[in-house]
Every structure is written in structure tokens, then in C-alpha cells.
Amino acid sequence: MIRNSIPAGVRTIAALVAVAVASVSAGTLSAQSIAERVHAAPDGTVRFTFRARPDVCGSGNSVYIGNNGSRNTSGQRSTDDVEWEADCGHGPVRIVLDVHDHTVTGLRSYVGGRWRAVSGVTDLGDVPPQTAAAYLIALAKQSSVAVGKKAIFPATLGDSVVIWPQLMQIARDAAIPSETRRDAVFWLGQMAGETVTANLAQLVAEDTVDRAVRESAVFALSQQPHGAGVPALIHVAQTNRDPSVRKKALFWLGQSNDPRALALFESILAGNGKSGAR
């Protein structure tokens, strides 16, 4: 149970975590206790690790995911937090939190390597990937942009963690800063699957969602592998009521080199298409 002395913001994070993780095996560090232990830590650095997906490796500030390239590309072989010996180390995911006055004010994430020997660090040790992802998602929902958007990417790296429903919730939540929501949509775009594609298409069609977020969803559809998002983009280009969103769909269709997109352009230029984008 969360102590009453914990501020409302921390209690909210813990409550969000409880929803995200229905159950945690006995004896493991629960997501709620991550929030509690971060709250209880002195000002300074809090860190923890969790198991990474098999297709993830890292070196310095670069994290590589399968054949999709890297999230960061500075290529440093060491940082203030972690150092590496291998060219690309496979796990674990390492999270570093800057804490001031019981609040997370900064977040850094790495994959592989080993912790640098530094003093004054609160180390929570290794936690289950599902628990870590739930805590990071809760942090993304509750925190400022500076912390929130940085929490999303490492949440996607945990082994055997299904994260897309929580990312979709973030994308639809108007109470969350738009930049954080767009980052959630971007990482949705990196996930393959009919369900993700269908939900992205639905997000584009929701007029109540910020235009910037809907345009990010259009881009995310364009990133679906093997042209899986092309039919949805064509539908957007033909039917969406927002001219700006239609124009974005046409742009990304133009980058696809897909025969279905070329057929749409031919139809529009011949005067048979429905898009009013210019």
C-alpha cells in the first residue's frame, strides 16, 4: 500500500502502474515499489536494469533494434553512467533517473555495457521487464516532456513486453503533452502487425485528437513494413476531413513507390480521385 505521506503525483504514478501491471510474481520488485523507492531516494541518481529483447543491442548512446537502425547515433563508447567493451552489447536495458526533491527530473537509457563505479547512487538492481515497462509508461503519462518522452523508448525494449496498447492510450490522452504523445505514435509506427496498423488508422480518423498527433500517426502508417499501411493511407487521402492530414497522407504515399499509391495519383490527376489536397 502506498503511504499517505507520498505526494499526489507519486501516488498517481503508482496508480497508473497498478493498472498497467495486473499482477507481479511474489518476491519480485513491483512497479509500485519502484515509484516508492524513487520517492524515498535522496537527491541524486537512481538506476535499475531489466532484460532486453533479443534483437536489441547497444554501444554508448546508440541503441540498435534488429535492422531498423538506431535511436541515438552519437556513438560514444562511454558515458558518465555506463561503459562498454564490446561493439554492441546485448542487454540489459539500463535506466538512470535524476531525482530532485522526490521527483524525477531527468532520464537516460542505455543497452549493454556495465555500470561505471560512482558513489552516491541508489541502485534498485534488476527488475522484471514488464514491471520496468509499466513504471516507465506511468512516468511518461505523469511527467513533463523532458522526462516523459524519454521514458517511452526504453519501455519498448523490454523482453516479451507488449506495449502498444499503453502507447495508444498515451496518444489519445489530451492531458499528456503533445510532444510526448507524438513520440508514443512514432514508436507505434516501428511496431509491425495488423492490430497496430488498424489502431493507427483509427487514430488518424479521430477528430478529437490533436492534428499534430494525427499527422504523426499518418507518418507511423507509412513506416509499416511491406506496405501494410498503404491501404490506410489511401483511405486517409481520399476521405479524411482535414486537408492538412490528407496532404500528409499523399506525401508519404509519394515516398512509398507502391503501385497502389501510383494508381491513386493517376486517378486524382485524371479528376476521378476524392482528395482535395494541393
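Of the residues in the stretch 141-172, how many are touching a Lys or Arg at 6+ places or on another chain (Cβ under 9 Å) and within 22 Å of ALA232 (Cβ to Cβ)?
6
Say whether the condition of being within 18 Å of ILE65 (Cβ to Cβ) and in a loop (DSSP other than H, G, I, E, B) is met by at least one residue in the stretch 194-209. Steps first, answer last, please.
First, pick out the residues of the stretch 194-209 that are within 18 Å of ILE65 (Cβ to Cβ): 196.
With in a loop (DSSP other than H, G, I, E, B) added as a condition, the list becomes none.
Checked the stretch 194-209: no residue is within 18 Å of ILE65 (Cβ to Cβ) and in a loop (DSSP other than H, G, I, E, B).
Quick one: which of LEU203, LEU221 is touching a Phe, Trp or Tyr at 6+ places or on another chain (Cβ under 9 Å) and surrounded by 15 or more Cβ atoms within 10 Å (Cβ to Cβ)? Walk me through how you get there before you give the answer.
Working: LEU203 fails: touching a Phe, Trp or Tyr at 6+ places or on another chain (Cβ under 9 Å).
LEU221 is the lone residue from the list that is touching a Phe, Trp or Tyr at 6+ places or on another chain (Cβ under 9 Å) and surrounded by 15 or more Cβ atoms within 10 Å (Cβ to Cβ).
For the stretch 83-102, which residues satisfy the criterion of being surrounded by fewer than 19 Cβ atoms within 10 Å (Cβ to Cβ) and over 20 Å from PHE153 (Cα atoms)?
Answer for the stretch 83-102, where residues must be surrounded by fewer than 19 Cβ atoms within 10 Å (Cβ to Cβ) and over 20 Å from PHE153 (Cα atoms): GLU83, GLU85, ALA86, ASP87, HIS100, ASP101, HIS102.
Which condition does LEU139 not pass, out of (1) touching a residue at least 24 places away in the same chain (Cβ under 8 Å); (2) more than 16 Å from ALA52 (Cβ to Cβ); (3) hydrophobic (A, V, I, L, M, F, W, C); (4) in a loop (DSSP other than H, G, I, E, B), if it passes all the others?
The single condition LEU139 does not satisfy is (4).
Any residue in the stretch 261-278 that is under 15 Å from ARG246 (Cβ atoms) and at pLDDT below 90 sitting within a Cβ distance under 9 Å of a residue that is among the acidic types (Asp, Glu) and exposed (fewer than 13 other Cβ atoms within 10 Å of the Cβ)? List the pairs, counting only those 6 or more apart or interchain.
Here the result reads GLY273/GLU266, each pair linking the stretch 261-278 to a residue that is among the acidic types (Asp, Glu) and exposed (fewer than 13 other Cβ atoms within 10 Å of the Cβ).
Got at least one residue in the stretch 115-127 being in a strand (DSSP E or B), in contact with a Phe, Trp or Tyr (Cβ under 7 Å, 6 or more places away or on another chain) and among the hydrophobic types (A, V, I, L, M, F, W, C)?
The answer is yes, given that some residue of the stretch 115-127 is in a strand (DSSP E or B), in contact with a Phe, Trp or Tyr (Cβ under 7 Å, 6 or more places away or on another chain) and among the hydrophobic types (A, V, I, L, M, F, W, C).
Please name all residue pairs, on different chains or six or more residues apart, with Cβ atoms under 6 Å, provided the first residue is in the stretch 93-118 and is within 15 Å of ASP43 (Cα to Cα) and the second residue is not hydrophobic (A, V, I, L, M, F, W, C) and not in a strand (DSSP E or B).
VAL96/ASP81; HIS100/ASP43; HIS102/HIS39; LEU107/LYS150
Given the residues ASP173, ASP210, ASP183, ASP258, which is the only one that is buried (at least 17 other Cβ atoms within 10 Å of the Cβ) and within 30 Å of GLY158 (Cβ to Cβ)? Explain how you work it out, then say what you get.
Values: ASP173 fails: buried (at least 17 other Cβ atoms within 10 Å of the Cβ); ASP210 fails: buried (at least 17 other Cβ atoms within 10 Å of the Cβ); ASP258 fails: within 30 Å of GLY158 (Cβ to Cβ).
ASP183 is the lone residue from the list that is buried (at least 17 other Cβ atoms within 10 Å of the Cβ) and within 30 Å of GLY158 (Cβ to Cβ).
Can you tell me which of (1) more than 24 Å from VAL82 (Cβ to Cβ); (2) surrounded by 24 or more Cβ atoms within 10 Å (Cβ to Cβ) is the one TRP164 doesn't meet?
(2)
The values are calculated or read from the model by the stated rules, or taken from the named source; none is laboratory data. Keep in mind it's a predicted model, so treat the numbers as computed, not measured. Cβ: placed from backbone, ideal geometry, glycine included. Neighbour counts: every protein chain shown.
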